[in-house]
């Protein structure tokens, strides 16, 4: 077992996990997965996410998820962003675009406005972003190409694009976080992305709770095995590599241990 691994998105604040959270954390640490990032997507639950981060020893990102941005008028959006900015999280996220919650032009405009506003603030503060994109990869790439990422870069969570899109995302400053989609038949293009992306831009996430990884963060071993097979490495090597990548992005220190 490696001495450490990093899960770049685990919703350990999810109420559905409450009864089994201690067991999930014990299993994760026994498997060498010792750090994780929790993301506050709903402004009404930012405080709960912060408490869960403190209770589990996790890192915390706060942001306005497109699911909620699309239902807010400009005044409510401004108030939500003001609460976010007052907290000054190290990572701004989840932010982005999600076509499932943008069924008309007004909702799409609201999502783009929230995404652009949070990108601008992150750029002004030099903070990395955690980006969520569902059925909107080309549009997110286009918007970020036009607006720019913060100098600190970004994490593209739950990467679902093809290798050519992966190359463009990396060129724009993203690291790509590969999750349970790697384990599905429909995830072949994602596996192809994991094979070609430069190693310093690879991350892993359990997306806990997720039915494909019932063991929670400990399930990173299964993801690491898929990436390792694609790249001719071992799962422990991938876990150590992705841990270093995550720590560098979060600016909370780096590990210099060599891959074996």
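Does any residue of the stretch 84-91 turn out to be touching a helix residue (DSSP H, G or I) at 6+ places or on another chain (Cβ under 9 Å), at pLDDT 95 or above and under 20 Å from residue 204 (Cα atoms)? No - not one qualifying residue is present in the stretch 84-91.
Scan the stretch 136-163 residue by residue and report those that are in contact with a helix residue (DSSP H, G or I) (Cβ under 9 Å, 6 or more places away or on another chain) and either free of Cβ contacts under 8 Å to residues at least 24 places away in the same chain or closer than 16 Å to residue 69 by Cβ (or both). Show your work before the answer.
Of all residues in the stretch 136-163, those in contact with a helix residue (DSSP H, G or I) (Cβ under 9 Å, 6 or more places away or on another chain) come to 136-141, 143-145, 147-156, 158-163.
Result: 136, 139, 140, 143, 147.
Would you say residue 172 is in contact with a helix residue (DSSP H, G or I) (Cβ under 9 Å, 6 or more places away or on another chain) and under 14 Å from residue 9 (Cβ atoms)? Considered against the rule, which asks whether it is in contact with a helix residue (DSSP H, G or I) (Cβ under 9 Å, 6 or more places away or on another chain) and under 14 Å from residue 9 (Cβ atoms), residue 172 comes out as no. Restricting attention to the stretch 196-230, the residues that are under 15 Å from residue 159 (Cα atoms), in contact (Cβ under 8 Å) with a residue 60 or more places away in the chain and more than 17 Å from the chain's Cα centre (by Cα) add up to 0.
Please specify each residue of the stretch 57-73 satisfying the condition of being in contact with a strand residue (DSSP E or B) (Cβ under 7 Å, 6 or more places away or on another chain) and not in a strand (DSSP E or B). Of everything in the stretch 57-73, those that are in contact with a strand residue (DSSP E or B) (Cβ under 7 Å, 6 or more places away or on another chain) and not in a strand (DSSP E or B) turn out to be 58, 63, 64, 65, 66, 67.
Remark: residue 81 matches the filter, which requires a residue to be at pLDDT below 95, surrounded by 13 or more Cβ atoms within 10 Å (Cβ to Cβ) and over 25 Å from residue 242 (Cα atoms). Screening the candidates 233, 251 for the property of being farther than 23 Å from residue 163 by Cα and more than 15 Å from the chain's Cα centre (by Cα) yields one hit, 251. Within the stretch 128-149, at least one residue is closer than 22 Å to residue 251 by Cα and surrounded by fewer than 19 Cβ atoms within 10 Å (Cβ to Cβ). Checking each residue in the stretch 1-56 for being more than 25 Å from residue 132 (Cα to Cα), touching a residue at least 60 places away in the same chain (Cβ under 8 Å) and assigned to a helix (DSSP H, G or I) picks out 27, 30. Here residue 247 passes the criteria (1) without any contact (Cβ under 8 Å) to a residue 60 or more places away in the chain; (2) surrounded by fewer than 23 Cβ atoms within 10 Å (Cβ to Cβ) except the one numbered (1).
Within the stretch 101-115, work out how many residues are touching a residue at least 24 places away in the same chain (Cβ under 8 Å) and either in a loop (DSSP other than H, G, I, E, B) or touching a helix residue (DSSP H, G or I) at 6+ places or on another chain (Cβ under 6 Å) (or both). Residues meeting the conditions: 5.
The values are calculated or read from the model by the stated rules, or taken from the named source; none is laboratory data. Owing to the predicted nature of the structure, the values given are computational and were not obtained by experimental measurement. Don't worry about glycine lacking a Cβ; one is built from the backbone with ideal geometry, like all the others, and counts go over all protein chains shown.
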